[in-house]
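Worksheet: the structure to be examined is printed underneath.
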Amino acid sequence: MTRARVAVLGIFAADLTFRAARLPKLGETLLADGFSLGSGGKGSNQAIAAAKAGAYATLITRIGDDAFGQMARDEWAGAGVDATHVIVSPDEPTGAAFIFVDARDGQNAIVVNGGAAAALSAADVTAARGAIERAAVVVAQLEQPLAAATAAFELARAAGVATLLNPAPAAPLDDAVFRLCDVVTPNESEAELLTGITVDGEDAARRAADRLLARGAGAVLLTLGEKGALLHRPGQSLLVPAFDAGPVVETTGAGDAFTGAFAVALAEGRDLAEAARFGCAAAGVSVTRPGAGRSMPLRAEIDALLSA
Ligand code: RIB
């Protein structure tokens, strides 16, 4: 079977993850219970998630000519991500992230720097035009410059390719950006920043999603952590429950697992509700494993959970 094509614009980051009982206060040094170095960055995570979920996934990004850049290449090769449109910036570092994981419940807090990918430009996107036009779905987030994302979505729109924005990390956006998005996938805090509505339950999630539709998005998938995701669009509002695939080890990258797998299902022609179930199943598996890029499930694992 020909694999559906997904093009992802975004950053790679080497995730330096510290597991500790709590965040240190300013000026304090705290001993961590554990440390790991792994592959991250929302764009890279989503491309890996898409490739492992069965798509031909192309990543458009920039990395440095350094050890973390080599780590990125190794991760993409292992997951089957097409890195043809990865540009190496010899004078800039590869992106990196500090990740605190709460040893009590696996929740995280992140500080990320895109490094070379912070300079991703509309011209870089234009250079990858062929990959965008051949894709069924184009995905972007907000860790790279917004101008690169809008350039990718404008090319996609002109070619009849679906556009999916994961508005993370949260940032104020003009309505013109939402009008370029067929689907947006915010989490609760991102939806709150974009709408001014505190998402503290299903009703509030619906009101926030309505606001995003009014701002121009075609459909909203508002991820609600362990509750699942709200699919909301004109004429349809549906809570898609989360999947329990085992004890939660770490939630880093769960949103990326959802977005990457959801993009694959859309690219394969599934309807939004089925695609959301597919995304929720992928996220359900990912939280049972440590790390971000490395936690993305294989297609067979997603299918097995869906049919359990
Ligand atoms: O979504 C999780 C990701 O956010 C991490 O992998 C980290 O690198 C940051 O980009």
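The values are calculated or read from the model by the stated rules, or taken from the named source; none is laboratory data. Owing to the predicted nature of the structure, the values given are computational and were not obtained by experimental measurement. Here the Cβ is made from the backbone with ideal geometry for all residues, glycine too, and neighbour counts use every protein chain on show. Accessible surface areas use protein heavy atoms only, side chains included; no ligands, DNA or RNA. Shrake-Rupley method; radii C 1.70, N 1.55, O 1.52, S 1.80 Å.
Quick notes on this structure:
- Measuring nothing but how far apart in sequence close Cα pairs (under 8 Å, 6+ apart) lie, relative to its length, region 68-111 scores a relative contact order of 27 percent.
- Relative contact order of region 184-298, defined on C-alpha pairs under 8 angstrom at six or more residues apart (%): 21 percent
- Taking the centroid of alpha carbons for each part, region 210-225 and region 1-67 are 25 Å apart.
- Contact order relative to length of region 137-204, as percent, for alpha carbon pairs under 8 angstrom and 6 or more apart: 29 percent
- Loop-resident sites, region 155-249, for trypsin sites (Lys or Arg not before Pro), counting at most 16 other Cβ within 10 Å (DSSP): 179
- In the context of the full set of protein chains, the chain has a per residue accessible area of 41 Å² (1.4 Å probe).
- Cα-based Rg / Dmax (Å) for the chain: 17.9, 56
- Only protein heavy atoms count here; under a 1.4 Å probe, residue 200 has an accessible surface of about 120 Å².
- For the set 25, 42, solvent exposure ranked by accessible area (probe 1.4 Å, protein chains only) runs largest to smallest as 25, 42.
- Using a probe of 1.4 Å, the accessible surface attributed to residue 66 totals some 60 Å² when neighbouring protein chains are kept in position.
- Amide H partners (placed H, <5 Å) of residue 86, local residues excluded: 61
- The share of accessible area on the chain that comes from carbon and sulfur is 54 percent, using a 1.4 angstrom probe.
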